[in-house]
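Below is one structure, written out as structure tokens; comments come after it.
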Amino acid sequence: MAPDRTNSLRKHFFGDLFRDGGYEPLHSELFKDGASKNWTRWLSQDFSGADIVGTDKLRSEAPGVFSFDLFSYEFCDLLMAEVEHAQRTRREDLQRPNGMNRYGIVLNQLGLEPLVTDLLCDQLLPLMKAFFPEEGAADDHHCFIVRYKAGEDVGLDMHEDDSDATLNVCLGKEFEAATLSFCGLFADERHRKLQHTYAHKKGRAVMHLGRHRHGADNIASGERINFILWSTSKQYRNSEAYQRHRLRSSTAVEPDPICMSYTHDRDYAQLLAKPSEAEALARGVMLDVVERRLSLYS
């Protein structure tokens, strides 16, 4: 089911600058009606939807974490050029995608929601349902770009996404380090134990549940730009399973330091040194959340 793009009551609704006449694109083929026909050349030749399950074109990185080639280099470069154009020409109109990433933009707000919806519905849903039968029946999405670079956001504090399932695709550019570390699922006793560290590759997607704790490790040099698609399912969110999956384990094991979140974990300062404000901001820490937690529990 495609999301209702006119419904301003959706949780992640940012309008549509292109269709409201507020944005002149660099590459109009991304925005025009019928743009989804271009997915035949914009997708990797190794991607064939759910048919990649059980083949060497799909890699299980860790339990519940899957990677596969998704975008062609042509599409990665096209989209990065469009994003940079938007940031030059309409910076004042572009909203941050969430409370953690300071230098990203919302692709749906820019006017790319129809293209992304077609990608989700026509290409990704069968695969998501195969991986995540409960959470994968998406009927809405929030799609955005994140950027990591020295002097800006260099990484991202450990967190869970406000999604039921997440798709994360590296678009480029050249960079060192900037890996993605996965810990456990929110309700599991090993929620804060390291499972896997994933190395990004241009055009390759990693897919996981939103409640799977993860964080972006600091970039050492260069610049990394990623396409993020958060999908949600009303059916799942209205289920008992959703409520059960949001209950933190009462028998959690001792955490690994890398899996600790300064934003979200009450015991962070008991186990690790408190970061400076500059260090916290560069890793997407929501300082207002930290201050609110400290006022409640100190």
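So, in region 267-292, how many residues would count as being assigned to a helix (DSSP H, G or I), within 17 Å of residue 256 (Cβ to Cβ) and either open to solvent by less than 90 Å² (accessible area, probe 1.4 Å) or touching a residue at least 40 places away in the same chain (Cβ under 8 Å) (or both)?
Step one: list which residues in region 267-292 are assigned to a helix (DSSP H, G or I), which gives 268-271, 277-282, 287-292.
Subset that is within 17 Å of residue 256 (Cβ to Cβ): 268-271.
Of the ones still in play, those that are also either open to solvent by less than 90 Å² (accessible area, probe 1.4 Å) or touching a residue at least 40 places away in the same chain (Cβ under 8 Å) (or both) are 268-269, 271.
So the answer is 3.
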task = Among the candidates 135, 152, single out the residue that is farther than 24 Å from residue 212 by Cβ and in contact (Cβ under 8 Å) with a residue 60 or more places away in the chain.
result = 152
key: Checking residue 101 against (1) assigned to a helix (DSSP H, G or I); (2) at pLDDT 95 or above; (3) not small (Gly, Ala, Ser), the condition it does not meet   = (1)
task = Could you grab me the full set of residues in region 270-298 that are more than 14 Å from residue 155 (Cβ to Cβ) and touching a Leu at 6+ places or on another chain (Cβ under 9 Å)?
result = 277, 287
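Quick check on this structure: which one of 295, 231 is of a type in the set (Gly, Ala, Ser) and exposed (fewer than 11 other Cβ atoms within 10 Å of the Cβ)? Lay out the reasoning, then the answer.
Values: 231 fails: exposed (fewer than 11 other Cβ atoms within 10 Å of the Cβ).
Going through 295, 231 in turn, just one is of a type in the set (Gly, Ala, Ser) and exposed (fewer than 11 other Cβ atoms within 10 Å of the Cβ): 295.
Name every residue in region 35-56 that is part of a loop (DSSP other than H, G, I, E, B) and open to solvent by 40 Å² or more (accessible area, probe 1.4 Å), in order of residue number.
Going residue by residue through region 35-56, those that are part of a loop (DSSP other than H, G, I, E, B) are 44-48, 53-56.
Result: 45, 46, 48, 53, 54, 55, 56.
Say whether the condition of being open to solvent by 10 Å² or more (accessible area, probe 1.4 Å), of a type in the set (Phe, Trp, Tyr), touching a residue at least 40 places away in the same chain (Cβ under 8 Å) and under 30 Å from residue 253 (Cα atoms) is met by at least one residue in region 179-187. Explain how you work it out, then say what you get.
Initially, region 179-187 is screened for residues open to solvent by 10 Å² or more (accessible area, probe 1.4 Å), giving 179, 185-187.
Then keep just the ones that are of a type in the set (Phe, Trp, Tyr); that gives 186.
Now narrow it down to the ones that are touching a residue at least 40 places away in the same chain (Cβ under 8 Å): 186.
Imposing the further condition that a residue be under 30 Å from residue 253 (Cα atoms) reduces the set to 186.
For region 179-187, residues open to solvent by 10 Å² or more (accessible area, probe 1.4 Å), of a type in the set (Phe, Trp, Tyr), touching a residue at least 40 places away in the same chain (Cβ under 8 Å) and under 30 Å from residue 253 (Cα atoms): present.
Quick one: in region 85-115, which of the residues that are of a type in the set (Lys, Arg) and free of Cβ contacts under 8 Å to residues at least 40 places away in the same chain is most open to solvent (accessible area, probe 1.4 Å)? Give the derivation first.
Residues of region 85-115 that are of a type in the set (Lys, Arg), as a first pass: 88, 90-91, 96, 102.
Within this subset, residues satisfying the condition of being free of Cβ contacts under 8 Å to residues at least 40 places away in the same chain are 88, 91, 96.
On the way: 88: 166, 91: 148, 96: 109 Å².
Among those that are of a type in the set (Lys, Arg) and free of Cβ contacts under 8 Å to residues at least 40 places away in the same chain, it is 88.
How about region 165-262: which strands (runs of 3 or more DSSP E) wholly inside it have at least 1 residues that are under 16 Å from the mean Cα position of the chain (by Cα)? Lay out the reasoning, then the answer.
Working: elements: 165-172, 175-177, 180-185, 196-198, 204-209, 212-216, 219-232.
The strands (runs of 3 or more DSSP E) meeting that bar are 165-172, 180-185, 196-198, 204-209, 212-216, 219-232.
So that you can scan it fast, the table gives a plain yes or no per residue for (1) touching a helix residue (DSSP H, G or I) at 6+ places or on another chain (Cβ under 9 Å); (2) of a type outside the set (Ser, Thr, Tyr):
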position	(1), (2)
227	yes, yes
235	no, yes
240	no, yes
250	no, no
267	no, yes
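Answer yes or no as to whether residue 140 is surrounded by 22 or more Cβ atoms within 10 Å (Cβ to Cβ) and in contact with a His (Cβ under 8 Å, 6 or more places away or on another chain). Break it down stepwise before answering.
Numbers: surrounded by 22 or more Cβ atoms within 10 Å (Cβ to Cβ): yes; in contact with a His (Cβ under 8 Å, 6 or more places away or on another chain): yes.
For residue 140, the condition - surrounded by 22 or more Cβ atoms within 10 Å (Cβ to Cβ) and in contact with a His (Cβ under 8 Å, 6 or more places away or on another chain) - is met.
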query = Can you tell me which residues in region 25-34 are open to solvent by 20 Å² or more (accessible area, probe 1.4 Å) and either at positive phi or not in a loop (DSSP other than H, G, I, E, B) (or both)?
reply = 28, 29, 34
key: Selected residue (criterion: farthest from residue 120 (Cα to Cα)) from residues of region 13-22 that are open to solvent by less than 40 Å² (accessible area, probe 1.4 Å) and under 24 Å from the mean Cα position of the chain (by Cα)   = 17
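Quick check, is residue 82 in contact (Cβ under 8 Å) with a residue 40 or more places away in the chain, out of contact with any Asp or Glu (no Cβ under 9 Å at 6 or more places or on another chain), surrounded by 18 or more Cβ atoms within 10 Å (Cβ to Cβ) and among the acidic types (Asp, Glu)? Spell out the reasoning first.
Details: in contact (Cβ under 8 Å) with a residue 40 or more places away in the chain: yes; out of contact with any Asp or Glu (no Cβ under 9 Å at 6 or more places or on another chain): yes; surrounded by 18 or more Cβ atoms within 10 Å (Cβ to Cβ): yes; among the acidic types (Asp, Glu): yes.
Criteria met by residue 82.
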inquiry  = List pairs: first residue in region 230-258 and among the basic types (Lys, Arg), second residue in a loop (DSSP other than H, G, I, E, B) and open to solvent by less than 60 Å² (accessible area, probe 1.4 Å) anywhere in the structure, Cβ distance under 6 angstrom, at least six positions apart or on different chains.
reply    = 234/139
key: Residues within region 57-79 that are exposed (fewer than 15 other Cβ atoms within 10 Å of the Cβ) and within 16 Å of residue 224 (Cα to Cα), tallied   = 1
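Among the listed residues 31, 47, 66, which satisfies the condition of being among the hydrophobic types (A, V, I, L, M, F, W, C), farther than 20 Å from residue 168 by Cβ and at pLDDT 95 or above? Walk me through how you get there before you give the answer.
Values: 47 fails: farther than 20 Å from residue 168 by Cβ; 66 fails: farther than 20 Å from residue 168 by Cβ.
On inspection, the qualifying residue turns out to be 31.
The values are calculated or read from the model by the stated rules, or taken from the named source; none is laboratory data. As the structure is a computational prediction, the values presented were derived from the model and not from experiment. A quick note on method: Cβ atoms are made from the backbone with ideal geometry, for glycine too, and the neighbour counts reach across all protein chains shown. SASA here: full protein model, heavy atoms, side chains in, ligands and nucleic acids out. Shrake-Rupley method; radii C 1.70, N 1.55, O 1.52, S 1.80 Å.
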